[in-house]
Structures are given as structure tokens and as C-alpha cells.
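Visitor: The structure under discussion is supplied below as C-alpha cells; questions concerning it will follow.
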Amino acid sequence: MAIVNATPDSFSDGGRFATVDQAVQHALACVKDGAHIVDIGGESTRPGAASVTDAEEQDRVLPVIEKLSRETDALISVDTYRASTARLAIEAGAHIVNDVFGLQKDPDMAKVVAGSGAGVCIMHTGRERQKLDDVIADQFVFLNHSLGIADAAGIARDRIVLDPGFGFAKDVDENVALMSRFDELASFRLPMLAGTSRKRFIGALTGREAADERDVGTAATTTILRLAGAVIFRVHNVSMTRDALAVADAVLDQKKRQETRA
């Protein structure tokens, strides 16, 4: 899943793809590099970022989605927690809604997803709520609540992907603990998405202050999380991620062959 920020202020690439043509060309380049999904966002989710209105967000993402849907067969995801934006994005050609508040911010979001037939990425967040001390216990409390909302709205489980929300109100130790215990999330029995790309905790671990210097650290987390069961990776650098996944998948294939022979 390639990150395409149609924003002026995202933490890594804000302003680089702020026009429709810039965003579309970047998305197409990511597809050429091997992305199967492009995730279009119109509001920065970095800590301290200014919020935007529904209209501002829609003005940024809808023209990109409309044009992109005509130029690629890749899946298109809209990164929004607003039901109104999700509905219009799906009408414009989006296949997936990526909600960083896990269907818990906008009470109409689950209904929009259910009625559209779109897929949904339900992300865990620690923002605007009191977290439990145990990082995995907090995942289960939050995500089970989100899944209850999805069930009540009639969203089929085979349309749902879960995201543990690396970096969202989690400190360095919490992010590392989440990586080290990632395999415990397999009990959800749903596909898991990992979004670690260029995040501050990688900078803290590697000493890389500039976000665009954290791709190697991101590739390391990709490998770790692939071996722990993640199946979708939301990233800035698609080609480096593909290389990391090729190595991880070779290890997984070898393990599978060994288990078959045993």
C-alpha cells in the first residue's frame, strides 16, 4: 500500500504531491514499483497537525481518486475518518476506506462502508482516549469495539483489515513492544496491515532525524512484521519494501517446506 499524501503538511512528504497531477503521477510511479494499493490522504495525521474541513479534505482527494481510477487497475484507498469524504471517495472510484479512528470517530462511517461494499482498514489509535497499560490488551479492547461497530452495521468480516496503528499516541517502547508481540494479534483471524513507514520511533531507534532517511529502518520493521504475520504494508518507499518482503517471504517459504517435509 503506497502512501500518497495530497497535503501541504504531512510529516514526510508534505507539499510534494499537493496538486492533482503530482499526486496521480506519484501514485502511478508507486504502482510501477510494485504497489498493489495506493492510499490517498487529504489531511495530515502527524502529531500536532492542523485539522481541515470536510470540504478541504474532499477538494484534495476526490480529483486525485477520479483521475487515478481512470489510469490504473490498482486498488485505491482513501485515508479518512469522515463518512462524508468516504462516501464521495467511493463514488469517485475508491475501493477501500482507511479509517485511522477505527470506525469510532464518525458515527456514520460504518454505515457508509456497509452500504457501499467497500473494504475497510480499521486502525487502532491511542488518541482522544485513555489507553490500557498493556499495549496488546489495549489493541484487543479498541479493535474488538471497532469490530462490534462493523458487525452491527453489517460489514462482512471478509471486507475488513486491521491495523495496530504504529505511532498513533504510542511511545518508542510501546511501538517496539507492539512489534515484538505482533504475532499475538493473529487471534483476530483477520488480515493485518502494518504502517510503520518513516515514523518517529524509527528515527529514535536509528538516530535518523529526517523522515526521508528512515527507509532502511522501515524496511527492517517490514521484515520483522512480515515474519510475524502482517500481510499489507503501508509505505512511502515501495521498491525498498518489495526487496525486504522478498527476503522475508523466502524465509517463510523455506519454513513452510520444512514443516511439510516434517
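Visitor: Can you work out the accessible area per residue across the chain, with the rest of the protein chains kept in place, probe 1.4 Å, in square angstrom?
Guide: Solvent-accessible surface per residue comes out at 45 Å².
Visitor: Using 0.36 nm times the number of residues separating V231 and T260, minus their current alpha carbon distance, what extension gain do you get?
Guide: Going from the current span to full extension adds 8.3 nm.
Visitor: If you don't mind, there's one more thing I want to ask. Please list, in order along segment 52-67, the HN-Hα scalar couplings obtained from phi with the Karplus expression 6.51 cos²θ - 1.76 cosθ + 1.60 (θ = phi - 60°), rounded to whole Hz, x for Gly and Pro.
Guide: Karplus-based 3J(HN,Hα) across segment 52-67 equals 10, 7, 3, 5, 4, 4, 5, 4, 7, 9, 5, x, 5, 5, 4, 6 Hz.
Visitor: How would segment 113-262 be classified by its alpha-carbon gyration tensor: rounded, prolate or oblate, with rounded meaning a/c under 1.5 and the a/b versus b/c comparison settling the rest?
Guide: oblate
Visitor: So, by mean Cβ neighbours within 10 angstrom, what's the order for 192-205, 142-155, 106-119 with the highest one leading?
Guide: 192-205, 106-119, 142-155
Visitor: Turning to a different aspect of this structure: Just to check I understand the Karplus step: with θ = phi - 60° and J = 6.51 cos²θ - 1.76 cosθ + 1.60, what whole-Hz values come out for segment 89-102, glycine and proline as x?
Guide: Values, residue by residue: 5, 5, 4, 7, x, 6, 9, 9, 10, 10, 9, 6, 10, x Hz.
Visitor: Rounded, prolate or oblate: which fits the chain, taking a ≥ b ≥ c as square roots of the Cα gyration tensor eigenvalues, rounded meaning a/c under 1.5, else prolate when a/b beats b/c?
Guide: Rounded shape, in that the Cα axes give a/c under 1.5.
Visitor: Quick one: length gained pulling D134 to D253 fully straight, 0.36 nm per residue minus the C-alpha distance?
Guide: Result for the pair: 39.6 nm of gain on full extension.
Visitor: Need one number for segment 84-127: average projected area of the convex hull over its C-alpha atoms, nm².
Guide: The directionally averaged projection comes out at 2.7 nm².
Visitor: Considering every pair of different Cα atoms, what Kirkwood radius, in Å, is found for segment 14-101?
Guide: 12.9
Visitor: Still on this model: For the chain, set up a Gaussian network in which alpha carbons nearer than 10 Å are linked by springs, and say which option among I40, I232, I96 fluctuates the most.
Guide: I232
Visitor: Tally up the carbon and sulfur contribution to the accessible surface of the chain as a whole percent, 1.4 Å probe, everything protein left in place.
Guide: 50
Visitor: Could you list log10 I(q)/I(0) for segment 61-172 at q = 0.19, 0.20, 0.21, 0.24 Å⁻¹, which the Debye formula gives when each Cα is one point scatterer?
Guide: Calculated log10 I(q)/I(0) at the listed q: -0.92, -0.99, -1.06, -1.27.
Visitor: Something else about it: Could you name the lysines whose alpha carbon sits less than 26 Å from that of K105, not counting residues in the same chain fewer than 8 places away?
Guide: By straight Cα distance, K105 reaches K131, K170, K199.
Visitor: Something else now. Cα centroid distance between segment 170-196 and segment 78-147, in Å?
Guide: If we compute the Cα centre of each part, the gap is 17 Å.
Visitor: For K255, give me every one of the aspartates and glutamates with a C-alpha distance below 18 angstrom, ignoring sequence neighbours fewer than eight places off in its own chain.
Guide: D183
The values are calculated or read from the model by the stated rules, or taken from the named source; none is laboratory data. As the structure is a computational prediction, the values presented were derived from the model and not from experiment. Because the Cβ atoms are built from the backbone with ideal geometry, glycine has one as well, and the counts that use them run over all protein chains shown. Ligands, DNA and RNA are excluded from the accessible area calculation, which covers all protein heavy atoms including side chains. Shrake-Rupley method; radii C 1.70, N 1.55, O 1.52, S 1.80 Å.
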